[in-house]
Amino acid sequence: MKNSLHIYNTLSRKKEHFEPWQPPFVGLYACGPTVYGNAHLGHARQAVTFDVLYRYLTHLDYKVRYVRNITDVGHLENDADEGEDKILKKARLEKLEPMEVVQQYMNAYHRNMQELNVLPPSIEPRASGHIIEQQQLVKKIIDTGYAYETNGSVYFDVLKFNEKYAYGKLSGRKIDELLGNTRTLEGQSEKRNPIDFALWKKADSSHIMKWPSEWSEGYPGWHLECSTMSLKYLGENIDIHGGGLDLLFPHHECEIAQNVAGSGKEGVKYWMHNNMITIKGQKMGRSLDNFITLDELFEKGHRLVSRTFDPMVIRFFILQAHYRSTLDFSEDALSASEKGLQRLQDALFILDNLQASSKGVVNAEELNEKCIRAMNDDLNTPVLISHLFDGVKTINSVQEKRISIDQENLDHLKDIYNTYVHSILGINPFVKDSSTTGISDKLIESILQLRQKAKQRNDWDTADEIRNTLQKMGISIKDKKDGVDWEFM
Ligand code: ZN
């Protein structure tokens, strides 16, 4: 199968031509959320980034198996194997069963993803459902000599691994610097070296989520689940593994070490990382009090914004930046995205109603080729969107009868917008039905009657104004000989 897709591989630090291990099959793994709180803008950016990759690979006719996990155990507050399990802490604070916390936030995450039009993955495995497989991988790593047990916990021996393989090649960190920077935290004396990481942790008596093992009653280390579940569902040759840049170290670095120590193979051909969302130039974080959840943005409101925004505006805002650039959030930026999206949507409506001429000057294939080039250049969605906006100018010119288009090019143009806007960028019309607009059918009918009367007295300005206003509300109308057809876009 031939394609011209190039993607930036974090491992080689350059754009590479994408060639899967076994075309037409593509194994794609993206780290999913730890479900102990509501999904925020960072979750949205990561999910939308890999959703567009999934959609584009599918568009290129690959058979993609997309695995996105749910972390429901083992993610401690501190990445260095210390602190309380994030889910247990939430359960303690809210007086819930840990699995109630998991269910609640997993449901909320799914709802948010649906609102953002993020397609569900092919498989969504949960860490707690793969305890046996995780224990098997720990055993393998002990057998190959790269892990050791202390007091019922099992740790990965980073220094020993580094003697034979290079630890830190993904993140570019040097072992000496890591040794210099890692503090020995309380309780870490069990480790031979502070940069070692836990594969299995012995649980203390108050710990609820724990499982029997040959080492202790305990639970798996956070990095272990993604190695285990990617190996299980995608095999030892995984095409693409992705996640947010915040997962690069230690999470993904440790995954590579586990894969190599356990199976002798690095496993992943292309590592992809999306950059972070900043808020007024600052990192977003729960501790910094600038944390915006998707529910707040979509419906509840937040002190950093004066109003709420449609999820499609958030999706469009994310896609207007390249996934490897930082994206700075502000209400002004969102409002600009909203205007842009409205303009695009207006053009789609116009395109739907455009009339072809017997001859035309518009060459739709030129636009198509530019769009393909943009996507093939490491999923350059901002450039793709700018080409689509150039096309909007063409659409408007045809409507204003300044240029003409023939039927073949008109059909091609419609196909291009349908493919790129809906199928690949995943942008849905932003007002879907009367239940979300709160507008009743009766009200629309009576507005249309007013428009009909305006037309009868040749008041075309008023008729057009009504049509445009309805369109902005997500209602498209089509004039017919014997009246008007209308529908929610
Ligand atoms: Zn992961």
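Of the residues examined, Ala198 is one that is part of a strand (DSSP E or B), closer than 18 Å to His252 by Cβ and not hydroxyl-bearing (Ser, Thr, Tyr). Taking the numbered list (1) touching an Asp or Glu at 6+ places or on another chain (Cβ under 7 Å); (2) at pLDDT 95 or above; (3) not in a helix (DSSP H, G or I) in turn, Leu185 passes all entries but (2). Filtering segment 223-254 to residues that are in contact with a Ser or Thr (Cβ under 7 Å, 6 or more places away or on another chain), within 10 Å of the ligand (Cβ to nearest atom) and in a helix (DSSP H, G or I) leaves only Glu225.
A quick yes/no check of all residues on (1) under 30 Å from Ser397 (Cβ atoms); (2) touching a residue at least 40 places away in the same chain (Cβ under 8 Å); (3) touching a Cys at 6+ places or on another chain (Cβ under 7 Å):
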| position | (1), (2), (3) |
| --- | --- |
| Lys280 | no, yes, no |
| Ile292 | no, yes, no |
| Lys300 | no, no, no |
| Phe309 | no, no, no |
| Phe317 | yes, no, no |
| Leu348 | yes, yes, no |
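Restricting the search to segment 300-317, which residues are part of a helix (DSSP H, G or I) and at pLDDT below 95?
Initially, segment 300-317 is screened for residues part of a helix (DSSP H, G or I), giving 300, 311-317.
The one that is part of a helix (DSSP H, G or I) and at pLDDT below 95: Lys300.
When we screen Ala261, Ala257 for residues that are more than 16 Å from the ligand (Cβ to nearest atom) and either modelled with pLDDT of 90 or more or surrounded by fewer than 18 Cβ atoms within 10 Å (Cβ to Cβ) (or both), the only hit is Ala261. The number of residues in segment 458-489 that are of a type in the set (Asp, Glu) and part of a loop (DSSP other than H, G, I, E, B) comes to 2.
Within segment 348-393, the set of residues being crowded, with 21+ Cβ neighbours inside 10 Å and polar (S, T, N, Q) comprises Thr381 only. Scanning segment 318-336 for residues being more than 13 Å from the chain's Cα centre (by Cα), under 17 Å from Val118 (Cβ atoms) and part of a helix (DSSP H, G or I) gives a total of 0.
Criterion first (away from the ligand (no atom under 16 Å from the Cβ) and either free of Cβ contacts under 8 Å to residues at least 40 places away in the same chain or more than 20 Å from Gly221 (Cα to Cα) (or both)) does Met276 satisfy it? Yes: the conditions hold for Met276. For segment 51-59, the count of residues that are within 21 Å of the chain's Cα centre (by Cα), of a type in the set (Phe, Trp, Tyr) and away from the ligand (no atom under 16 Å from the Cβ) is at least one.
Condition first: within 18 Å of the chain's Cα centre (by Cα), surrounded by 19 or more Cβ atoms within 10 Å (Cβ to Cβ) and closer than 25 Å to Leu170 by Cα. Can you find one or more residues in segment 13-27 that meet it?
Within segment 13-27, the first condition is being within 18 Å of the chain's Cα centre (by Cα), and the residues that meet it are 26-27.
Applying the additional criterion that residues be surrounded by 19 or more Cβ atoms within 10 Å (Cβ to Cβ) yields 26-27.
Within this subset, residues satisfying the condition of being closer than 25 Å to Leu170 by Cα are 26-27.
Checking segment 13-27: at least one residue is within 18 Å of the chain's Cα centre (by Cα), surrounded by 19 or more Cβ atoms within 10 Å (Cβ to Cβ) and closer than 25 Å to Leu170 by Cα.
The values are calculated or read from the model by the stated rules, or taken from the named source; none is laboratory data. Predicted model, so just to flag it, every value in this text is computed and none were measured. As a convention, Cβ positions derive from the backbone with ideal geometry for all residues, glycine included, and neighbour counts pool all protein chains shown.
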